[in-house]
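The values are calculated or read from the model by the stated rules, or taken from the named source; none is laboratory data. None of the values given here were measured: they were computed from a predicted structure. Every residue, glycine among them, receives a Cβ derived from its backbone with ideal geometry; neighbour counts consider all protein chains shown. Calculation scope for accessible area: heavy atoms of the full protein, side chains included, ligands and nucleic acids excluded. Shrake-Rupley method; radii C 1.70, N 1.55, O 1.52, S 1.80 Å.
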Amino acid sequence: MKKTLWIDTKSGISADRFAAALIGLGVPEQVMTRTIKSAVEDTGMLDAHTHLEFLPGEVLAHRLHHTPLEEQEPLPWEETPSVLGKALAQANVKDAYADFAQRVLSILLAAKTQAASRSPKQTASLPIIGTARTPYKQKAPYQPQPENVNDGEFYIQVESQYAAATHELNTFSHIFVLSYLDKSLDPETTIRPPWKDDDKRYGTFATRSPNRPSPIGLTRVRLHRVEGKRIYTGPLDLFDGTPILDIKPFIQTLDSMADEEDTGSDGWLEGSDHLELHRLGIPHAHPGGSGTLDQPRILIALLTGIAHGLQHLCADCGSAVCTSPVNTGAAYDLTLTAQAIFEEYKIPYHSGTVSGKLVTSDGAAILTALSPKLITAEDMPSRDKHIAYGLGGQNLNAAPALGALPMLLIEQHPLE
């Protein structure tokens with residue numbers, strides 16, 4: 001007999017917390033982590049591990065961490081269904097459970113398209129004037145450094161109709177390159193810098209994150225020479241093939257701050273050791289990401305682990321019970337994709353007073369794919385000893401019960 005999942009959404013929902021809660025419900029830890037890691041081993045190495053933590057009241061929770069061990073060429077979203085299908089087959093996930101994982105992905109992809117089509121009140125269409133040619137196919141520096149000069153050849157291939165626009169450009173020593181960051185992830189309004197130890201988030205416009213509403217890159221680079229339709233430069237922090245929107249000369253007299261009383265500031269980065277690494281040009285790594293969990297490979301890994309876990313538990317993945325409305329945390333942290341999912345499938349949600357992203361796009365898709373029956377928070381058992389609590393990679397100390405996702409598995413639907 002299949003069992004019904006009961007999910008309390010007072011702390012939102014995300015794929016990693018959902019997977020961790022399944023471990024608490026009885027999926028062996030090694031089975032879950034091995035399945036997650038194996039799902040993407042053909043396309044990249046991923047570490048996954050869990051540990052126990054105590055919530056208030058000495059309640060145990062499982063926390064799942066997943067960390068990419070190497071950077072790969074971005075996986076196009078349109079290829080994810082076939083890659084997920086292969087991963088599910090390798091994990092021996094069958095029938096309704098394989099269908100469930102594909103349904104989650106289908107919901108997410110449709111919502112991403114819908115969110116992208118939600119045009120703001122004002123938009124602008126810009127021509128592509130050229131293409132960046134760099135040695136970076138899979139991994140590019142976060143900003144050009146002197147040592148990158150030996151990485152290979154850097155130039156901008158200008159479209160034929162704009163070749164005349166480069167006349168006299170070679171009289172300048174440096175140029176500004178404005179690019180379209182076509183490999184950026186879903187736009188975010190707030191960012192958790194991956195190199196900071198805490199979980200404080202900053203407005204996107206106060207960061208250099210590429211995951212912006214308008215993903216435009218700005219690079220100041222040394223100009224070496226102009227040869228026909230090619231502009232040869234110093235190191236560019238761009239993937240090979242990145243579209244170029246514009247090129248402007250750096251004019252020393254105008255663009256340098258000559259007034260010592262108005263030299264600018266480093267804002268919230270002032271005094272940061274990380275900023276000093278950039279200033280000195282010291283090579284360093286940016287661990288992790290901005291906090292999103294719906295990058296294609298990580299999503300495939302988590303969905304494979306979740307589907308395998310549901311199959312192990314014989315849980316009904318076509319019918320669940322969840323509390324309503326879903327707590328999304330601060331309103332500005334809800335992604336457009338998650339919002340599109342909730343609105344399309346009429347799942348009530350509300351923004352709480354806590355900061356932090358309580359609902360991720362993949363979490364919203366998982367909840368929706370479970371075809372949940374909605375109940376009030378009062379109808380959710382609160383002291384059942386069989387409740388499992390799942391924690392993910394993000395610390396949500398301001399959220400209820402530190403952001404843990406509570407789940408139950410009940411053999412017979414109590415409402416029937």
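Odds and ends about this structure:
- Restricting region 355-378 to residues that are of a type in the set (Gly, Ala, Ser) and either open to solvent by less than 10 Å² (accessible area, probe 1.4 Å) or in contact with a helix residue (DSSP H, G or I) (Cβ under 8 Å, 6 or more places away or on another chain) (or both), the residue that is farthest from Cys317 (Cα to Cα): Ser355
- Region 379-398 - residue that is open to solvent by 10 Å² or more (accessible area, probe 1.4 Å), within 23 Å of the chain's Cα centre (by Cα) and small (Gly, Ala, Ser) and, of those, farthest from Ile191 (Cα to Cα): Ala398
- Any hit, region 10-27, residues being more than 23 Å from the chain's Cα centre (by Cα), open to solvent by less than 10 Å² (accessible area, probe 1.4 Å) and more than 11 Å from Ala301 (Cα to Cα): yes
- Considering (1) out of contact with any strand residue (DSSP E or B) (no Cβ under 6 Å at 6 or more places or on another chain); (2) open to solvent by 50 Å² or more (accessible area, probe 1.4 Å), the lone condition that Ala115 does not fulfil carries the number (2).
- Cross-chain or 6+ apart pairs with Cβ under 8 Å, region 231-251 first and over 16 Å from Ala164 (Cα atoms) and assigned to a loop (DSSP other than H, G, I, E, B), then open to solvent by 30 Å² or more (accessible area, probe 1.4 Å) and among the basic types (Lys, Arg): Gly234/Arg222; Phe239/Lys137; Phe239/Lys183; Asp240/Arg133; Asp240/Lys137; Gly241/Arg133; Thr242/Lys183; Phe250/Arg220
- Considering the conditions (1) within 25 Å of Leu358 (Cα to Cα); (2) open to solvent by less than 10 Å² (accessible area, probe 1.4 Å); (3) of a type outside the set (D, E, K, R), His66 is excluded by exactly one of them, (2).
- Each residue in region 318-351 was checked for being under 28 Å from Ala116 (Cβ atoms), in a strand (DSSP E or B) and not hydroxyl-bearing (Ser, Thr, Tyr), and 5 pass.
- Looking at Thr190, Thr263, just one residue is at pLDDT below 80 and open to solvent by less than 70 Å² (accessible area, probe 1.4 Å), and that residue is Thr190.
- Verdict on Ala96 being open to solvent by less than 50 Å² (accessible area, probe 1.4 Å), under 22 Å from the mean Cα position of the chain (by Cα) and either modelled with pLDDT under 90 or not aromatic (Phe, Trp, Tyr) (or both): no
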